[in-house]
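See structure below.
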Amino acid sequence: MKRRARLDVRLVVLSLVSLVAIAAGGQAQEPKTVRIDTLSVMDTLYHLSGGGANSLALIDEINGGVVLIDTKPPGWGQPVRDALDGVTDLPVTTIINTHAHPDHAGSNGEFGSAALIVAHENTKANLARMDLYSGANAASLPTTTFADRFSLLEDIDRIELYHFGPAHTDGDIIVVFPAKGVAYMGGLFPSKATPVIDTSNGGSGVAFPDTLAKAVAGIPGVSRVITGHGEAPVTYAGRGRRETGADRPWTGFMTWEDLEEYADFNRDFLEATVRAFRAGLTVDEAAATLELPERYKDYGMEHARANIEAIYDELANR
Ligand SMILES: [Zn+2]
């Protein structure tokens, strides 16, 4: 059964080249470009790609502010603002960080208008250990933290934050827009590929499948799933050329069924690794002989060896 729903999405696209910095050595740096696409939910929810990770922006007209979910790497605040300028004049008043990695929380300090920065309590602790948030930059640490659940705003703008346990880090949260049927997964579901397991920030390959299974069981009413990385919600054919036509499947959105499959993928990966561990295989042997069900054949396996190693370490230290 083909799972990926085709979505009727009206796209507002602004491709903005915000900055071409010339480095001291005379070499041009990559321009920082953020593309903004509407998720076509009452024209209030937008997808921001660029800088290596995806972000979302909710335009909260009632309270007169933008809620920015993940801020991209350091230096990406202005490109994000430039992209937002195409759809709203409202300032970013609230930031949500899904976890403590610089590609998701790196530009917090570049939104001086944000009085509220929300994250899991472990995310704040993880960020506080980083050079990026030392000294004066500590002012950009999360201002409000929680352990399991948190909610913001009301009615159609309501945002529910969930934490189900360690996985990518120990502070991963899922951002759910219940009235819009949308969930943003951050590093818990980066794309259809092996995830990164950051054990130095409390991540766990053993817990990863359980954490995802709890999310699948514990979050109601979501049809569109936005991954933390991967393609924007549109199919491109070649650089800069928009692929059009009603028959083209959108490639950026995942569905709830995709998330269920991703939870199964991580479960099957863990079980295969545990079998290899118990059989006495080395990490390299386990990686070389890893076999997963056919339905994951298109999954990216870039982090497979690193994840096997992380799981081995966890199993050995039990
Ligand atoms: Zn991450």
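The values are calculated or read from the model by the stated rules, or taken from the named source; none is laboratory data. All figures in this text were calculated on a predicted structure; none of them were measured in a lab. All Cβ positions, even for glycine, are placed from backbone atoms using ideal geometry, and neighbour counts span all protein chains on display. When the accessible area is computed, the model is the full protein with side chains, heavy atoms only, and any ligands, DNA or RNA have been set aside. Shrake-Rupley method; radii C 1.70, N 1.55, O 1.52, S 1.80 Å.
List of remarks:
- LEU315 open to solvent by less than 90 Å² (accessible area, probe 1.4 Å) and not in a helix (DSSP H, G or I): no
- Residue match in the stretch 85-98 (condition: within 13 Å of the ligand (Cβ to nearest atom), surrounded by fewer than 24 Cβ atoms within 10 Å (Cβ to Cβ) and at pLDDT 95 or above): no
- Beta carbons closer than 8 Å, at least 6 apart along the sequence or on distinct chains, pair a first residue in the stretch 270-286 that is touching a residue at least 12 places away in the same chain (Cβ under 8 Å) with a second that is aromatic (Phe, Trp, Tyr) and open to solvent by 50 Å² or more (accessible area, probe 1.4 Å) for ALA286/PHE277.
- Check on ILE159, buried (at least 20 other Cβ atoms within 10 Å of the Cβ), over 14 Å from the mean Cα position of the chain (by Cα) and at negative phi: yes
- Among the residues of the stretch 94-116, those identified as out of contact with any strand residue (DSSP E or B) (no Cβ under 7 Å at 6 or more places or on another chain) and of a type in the set (A, V, I, L, M, F, W, C) are ALA100, ALA105.
- Qualifying residue in the stretch 16-23 (condition: modelled with pLDDT of 85 or more and either within 16 Å of the ligand (Cβ to nearest atom) or of a type in the set (Ser, Thr, Tyr) (or both)): no
- Within the stretch 176-190, if we keep just the residues that are surrounded by fewer than 20 Cβ atoms within 10 Å (Cβ to Cβ) and on the phi < 0 side of the Ramachandran plot, the residue that is farthest from the chain's Cα centre (by Cα) turns out to be ALA179.
- Unmet requirement for LEU132, which otherwise passes all of (1) within 16 Å of the ligand (Cβ to nearest atom); (2) farther than 23 Å from SER204 by Cβ; (3) assigned to a strand (DSSP E or B); (4) among the aliphatic types (A, V, I, L, M): (3)
- Considering residues of the stretch 191-202 that are within 16 Å of the ligand (Cβ to nearest atom) and within 15 Å of the chain's Cα centre (by Cα) only, the residue nearest to ALA57 (Cα to Cα): SER191
- Of the residues making up the stretch 59-70, those that are hydrophobic (A, V, I, L, M, F, W, C), part of a strand (DSSP E or B) and out of contact with any Gly (no Cβ under 9 Å at 6 or more places or on another chain) are VAL66, VAL67, LEU68.
- When residues of the stretch 71-84 are limited to those that are outside any loop (DSSP other than H, G, I, E, B) and out of contact with any helix residue (DSSP H, G or I) (no Cβ under 6 Å at 6 or more places or on another chain), the one surrounded by the fewest Cβ atoms within 10 Å (Cβ to Cβ): GLN78
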